[in-house]
Amino acid sequence: MKFNRRTHNCGELREKNAGEKVVLNGWVDNQRNLGGVIFIQMRDRYGVTQVVVEETDDKDLYAAAKGIRSEFVVSVEGTVRVRPSGSENRNMPTGMVDVVVSRLIVLNEAETPPFPIQEFVDVSEELRLKYRYLDLRRPSMQSNLILRHKVSQAARKYFDEQSFVEIETPILLKSTPEGARDFLVPSRLHKGKFYALPQSPQTYKQILMVSGFDRYFQIVKCFRDEDLRADRQYEFTQIDCEMSFVDTEDIYEMFEGLMKRLLMEIKGYDLKTPIPRLSFDEAMEKYGSDKPDLRFEMEMVTLNHVLGKCEFKVFKETLENNGVVTAITAKGFGSISRSQVDALTDFVKKLGAGGLAYIKVKEDGIDSPVAKFLSDEEKKNIVETAKASAGDLVLILSGAKNKILNIMGALRLEVAKRLNLISPDAQPALLWVTDFPLYEWDEDTKRYYAMHHPFTSPRIEDIPYMDSDPSKVKARAYDLVMNGNEIAGGSIRIHNPELQAKMFKVLGIADEEAKEKFGFLMNAFKFGAPPHGGIAFGLDRLVMLFAGKDSIRDVIAFPKTTSGLSLMDDSPTAVDDAQLKELGIKVRE
Ligand code: ASP
């Protein structure tokens with residue numbers, strides 16, 4: 001059907017356009033037939049405009065308008081008029097006008113959609129994903145994806161101004177060691193051999209530094225075959241960056257600049273820099289997390305030093321076993337009910353704590369099931385150390401250090417949630433977490449793993465411990481945390497082949513294996529590798545936070561379910577035998 005190019009989009013017309021002849025193309029948001037006059041709301045990604053068909057001389061036009069249903073694609077021509085007084089809609093930017101239609105063309109019909117294309121309709125996510133093209137017609141989904149586009153564009157512009165070069169690295173490559181499972185792609189020409197999809201462009205970006213590109217970035221898909229959660233997908237997007245001749249301070253400055261730019265452009269928020277920093281150890285001690293949410297305080301304090309003589313069995317045993325007794329103070333939560341206490345106790349028990357001790361601080365002392373086991377001095381010291389005052393609640397956990405710090409970290413978040421300590425329009429809280437351990441010990445396999453990845457440089461002063469006590473070695477690695485989410489992570493890299501070889505050795509990677517897996521990188525390092533370091537931002541998570549969403553699926557056009565299915569196209573699917581044969585693959589039962 002012949003139709004005319006639009007003169008305006010559906011979000012554009014205002015009173016000043018009154019009298020103009022216009023053409024609008026779009027979808028029918030809804031049609032209301034009031035008998036003698038039909039109102040059609042026309043929608044495109046810019047907005048909604050009301051068009052009106054009146055039962056005048058043009059019977060055909062009126063009949064056509066009558067037959068129109070939601071989601072039909074139409075082109076209308078008509079004249080803009082200011083809406084008659086009383087029928088304006090001030091909630092809509094175009095709500096002061098409508099278009100009196102003189103020509104209406106149905107460009108395509110639509111079946112009744114499985115859910116109305118509206119905000120706040122209660123639709124299961126399954127249905128939304130199956131009919132993603134319809135879900136993506138909803139204004140909020142459109143604005144999420146447009147926001148994502150804006151973040152990418154603002155980042156690109158910033159990097160360009162800073163002389164970064166955007167370079168693509170291969171999608172088919174040798175498996176990269178970020179520690180997750182690889183997605184494999186069989187090679188047809190080299191039967192029995194496989195490419196891996198990149199878990200990140202880590203090795204390639206380091207090689208680009210050896211080549212002299214000096215400042216690299218790429219907005220790039222990465223793939224990890226891990227169990228999915230709300231904020232994980234098999235494929236996700238990183239803003240991946242690498243720089244030469246830098247140390248940690250240069251990285252902090254450059255990427256604080258990026259965050260400043262993004263927050264200003266996207267949220268109109270003026271980020272104060274430098275962004276505060278906490279070492280990994282401090283973050284664990286104070287917040288029980290390597291990605292603490294600093295939108296609220298509630299710092300953890302250790303009570304070990306005030307309980308030295310304590311006779312209370314639980315605390316006593318903990319201290320004898322070199323454990324930790326740690327506390328948080330929930331301000332004004334002293335009126336907590338028995339059932340609320342029980343709920344919090346269940347919460348920590350599920351995470352593996354033995355129990356939860358609590359103290360309600362009163363004007364004239366304390367109220368607590370453990371009070372009878374504590375001396376007056378101990379009570380006083382606990383309240384003082386926890387900086388608690390009348391009306392507050394002190395929550396205490398004790399046990400093995402790492403475990404208890406983690407559980408207290410989770411309890412801290414839970415209490416904040418229950419107390420509504422995080423207001424929806426709280427200012428973003430950013431934080432660098434630094435000095436991560438270089439290694440993580442794994443009890444099951446009885447070996448060390450790289451906490452970040454095997455190319456991360458140890459702190460120079462810690463290199464001697466690589467042989468004697470690897471657990472003591474801190475890394476030149478950093479995470480950027482926003483509102484309790486890790487939004488970026490990176491490190492200064494090893495650029496010296498001997499140190500790299502030593503690293504592999506500590507990780508239990510034999511020379512042969514190292515050569516076979518990373519020989520290409522080690523070789524490159526022999527030809528003049530500059531000192532370098534970098535970082536990668538999780539774009540999906542960043543956009544999710546900017547959009548104020550809880551799931552990255554809301555900021556990804558075509559995400560998979562938590563079981564890795566694409567409900568829209570039903571992938572993954574079986575493939576026919578011929579296809580497998582060509583690849584030299586036989587599926588095991
Ligand atoms: N490749 C790392 C990652 O994906 C980031 C980095 O070290 O730059 O986490």
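Bear in mind that the values in this text are calculations on the coordinates, not laboratory data. All values reported here derive from a predicted model rather than from experimental measurement. Backbone-built Cβ (ideal geometry, glycine too); neighbour counts: all protein chains shown.
Give Lys205/Lys560; Lys272/Lys517; Lys291/Lys387; Lys380/Lys474; Lys267/Lys472; Lys221/Lys549 a once-over and call out the pairs whose C-alpha atoms are over 32 Å from each other.
Lys272/Lys517; Lys380/Lys474; Lys267/Lys472
Taking every pair of alpha-carbon atoms in the stretch 1-156, what share in percent sits in each 5 Å bin, from 0 to the bin with the longest distance?
2, 9, 17, 20, 19, 15, 10, 6, 2, 1, 0, 0
What nm distance separates the two modelled labels at Asp570 and Asp342, each placed 7 Å from Cα along Cα→Cβ?
According to this spin-label approximation, the distance is 4.9 nm.
Test of understanding: extend the Cα→C-beta vector of Glu363 to 7 Å, then name every residue of the stretch 372-388 with backbone N under 19 Å from that spot.
Label zone hits: 388.
Gain in length, Glu498 to Arg188, computed as 0.36 nm per residue apart minus the alpha-carbon separation, to one decimal in nm? Could the numbers behind the result be given before it?
Values: separation 310, 0.36 × 310 = 111.60 nm, distance 3.71 nm.
Full-extension gain reported as 107.9 nm.
What dipole magnitude, in Debye to the nearest 20, does the stretch 102-228 give about its Cα centre under +1 on Lys/Arg Cβ and -1 on Asp/Glu Cβ?
Details: 19 positive and 17 negative charges, 90 e Å.
Computed about the Cα centre, the dipole is about 440 debye.
Using Cα centres only, tell me the gap between the stretch 71-107 and the stretch 109-174 in whole Å.
When both Cα centres are located, 28 Å separates them.
Of all alpha-carbon pairs in the stretch 368-465, indicate the percentage at a distance above 20 angstrom. Don't jump to the answer; show the numbers that get you there.
Working: 3070 of 4753 pairs.
The calculated P(r) of the stretch 368-465 puts 65 percent of pairs beyond 20 Å.
I want the local charge near Thr385. Using Cβ-Cβ distances under 14 Å, sum +1 for each Lys or Arg and -1 for each Asp or Glu among the other residues.
After counting each charged neighbour, the total is -2.
For the stretch 303-373, which GluC sites (Glu not before Pro) are in a loop by DSSP, counting at most 16 other Cβ atoms within 10 Å? Present the calculation step by step, with values, prior to reporting the outcome.
Numbers: sites: Glu311, Glu317, Glu320, Glu363; in loops: Glu311, Glu363.
Answer in residue order: Glu311, Glu363.
How much FRET efficiency would the formula 1/(1 + (r/R0)^6) give for Glu249 and Asp442, where r is the Cβ-Cβ distance and R0 is 30 Å, rounded to 0.05?
Numbers: r = 32 Å, r/R0 = 1.07.
That gives a FRET efficiency of 0.40.
Assuming 0.36 nm per residue, please report the length gained on full extension of the stretch Lys309 to Ser375 beyond their Cα-Cα distance. Kindly include the intermediate steps, with their values, before the conclusion.
Numbers: separation 66, 0.36 × 66 = 23.76 nm, distance 0.95 nm.
Contour length minus Cα-Cα distance gives 22.8 nm.
Could you name the aspartates and glutamates in cross-link range of Lys316, using Cα to Cα under 14 Å and dropping any fewer than eight places away on the same chain?
Glu378
Taking just the C-alpha trace of the chain, give me its Rg and Dmax in Å.
So, for the chain, Rg and Dmax equal 30.3, 97 Å respectively.
Quick one: angle between helix 139-161 and the longest Cα principal axis of the chain, in degrees between 0 and 90, rounded to 10, please.
Around 60 degrees separate the two axes.
Charges on Cβ only, +1 for Lys and Arg, -1 for Asp and Glu, centred on the Cα centroid of the stretch 388-480; of Val473, Thr434, Thr456, which one is farthest towards the dipole's positive end?
The one lying farthest along the dipole's positive direction is Thr434.
Sequence gap at least 6, Cα distance under 8 Å: using those rules, report the relative contact order of the stretch 229-351 to the nearest whole percent.
Working: 62 pairs, mean separation 16.2, N = 123.
Over the stretch 229-351, the number comes to 13 percent.
Angle between the Cα long axis of helix 248-262 and the longest principal axis of the chain, 0 to 90 degrees, nearest 10?
30
For the stretch 510-589, what are the per-bin percents of Cα-Cα distances with bins 5 Å wide, up to the bin holding the maximum?
Spelled out bin by bin, the stretch 510-589 gives 3, 10, 10, 9, 10, 10, 12, 19, 14, 4 percent.
Using only Cα atoms, tell me the angle between helix 401-418 and the longest principal axis of the chain; keep it within 0 to 90° and round to the nearest 10.
Tilt relative to the chain: about 40 degrees.
For every other residue with a beta carbon closer than 10 angstrom to the beta carbon of Leu134, add +1 if it is Lys or Arg and -1 if Asp or Glu, then tell me the sum. Can you show the working numbers first?
Details: positive: Arg128, Lys130, Arg132, Arg137, Arg138; negative: Glu71, Asp135.
For residues surrounding Leu134, the net value is +3.
In square nanometres, what is one fourth of the surface area of the convex hull spanned by the alpha carbons of the stretch 295-436?
Working: hull surface 37.5 nm².
So the mean shadow area of the Cα hull is 9.4 nm².
Along the three principal axes, how long is the stretch 116-199 when you take its alpha carbons, biggest first, rounded to the nearest angstrom?
Computed over the Cα atoms, the extents are 50, 40, 25 Å.
May I ask for the Kirkwood hydrodynamic radius of the stretch 217-369, worked out over all distinct Cα pairs and given in angstroms to one decimal?
Values: mean 1/r = 0.0492 Å⁻¹.
After inverting the mean inverse Cα-Cα distance, the result is 20.3 Å.
When 1/r is averaged over all different Cα pairs and the result inverted, which Kirkwood radius in Å belongs to the stretch 321-388? Write out the running numbers ahead of the final one.
Working: mean 1/r = 0.0761 Å⁻¹.
It is 13.1 Å.
To one decimal place, what orientation-averaged projected area in nm² is obtained for the convex hull of the Cα set of the stretch 455-588?
13.6
Can you compute the FRET efficiency between Asn4 and Arg45 using 1/(1 + (r/R0)^6), with r the Cβ-Cβ distance and R0 = 25 Å? Round to the nearest 0.05. Intermediate results must be reported in sequence, preceding the final value.
Working: r = 19 Å, r/R0 = 0.78.
Once rounded, the FRET efficiency stands at 0.80.
Give me, ordered by chain and number, the residues 5 or more places off Ala475 or on other chains with an amide H under 5 Å from its own placed amide H.
Phe436, Leu438, Arg459
Among Pro170, Leu258, Val37, whose Cα sits farthest toward the positive end of the charge dipole of the chain (+1 at Cβ of Lys/Arg, -1 at Cβ of Asp/Glu, about the Cα centre)?
Val37
Would you please give the FRET efficiency between Asp227 and Asn321, computed as 1/(1 + (r/R0)^6) with r the Cβ-Cβ distance and R0 = 30 Å, to the nearest 0.05? List each step's numbers first, then the result.
Details: r = 33 Å, r/R0 = 1.11.
According to the calculation, E is roughly 0.35.
Would you give the gap between the C-alpha center of the stretch 262-292 and the C-alpha center of the stretch 437-489, rounded to a whole Å?
Cα centres, the stretch 262-292 to the stretch 437-489: 20 Å.
Evaluate the Kirkwood expression for the hydrodynamic radius of the stretch 1-66, namely the inverse of the mean inverse distance over all pairs of different C-alpha atoms, and round to one decimal in Å.
12.8
When you take every Cα atom in the stretch 203-274, what is the radius of gyration, and what is Dmax, the widest Cα pair distance, in Å?
Looking at the stretch 203-274, its Cα Rg and Dmax stand at 15.3, 39 Å.
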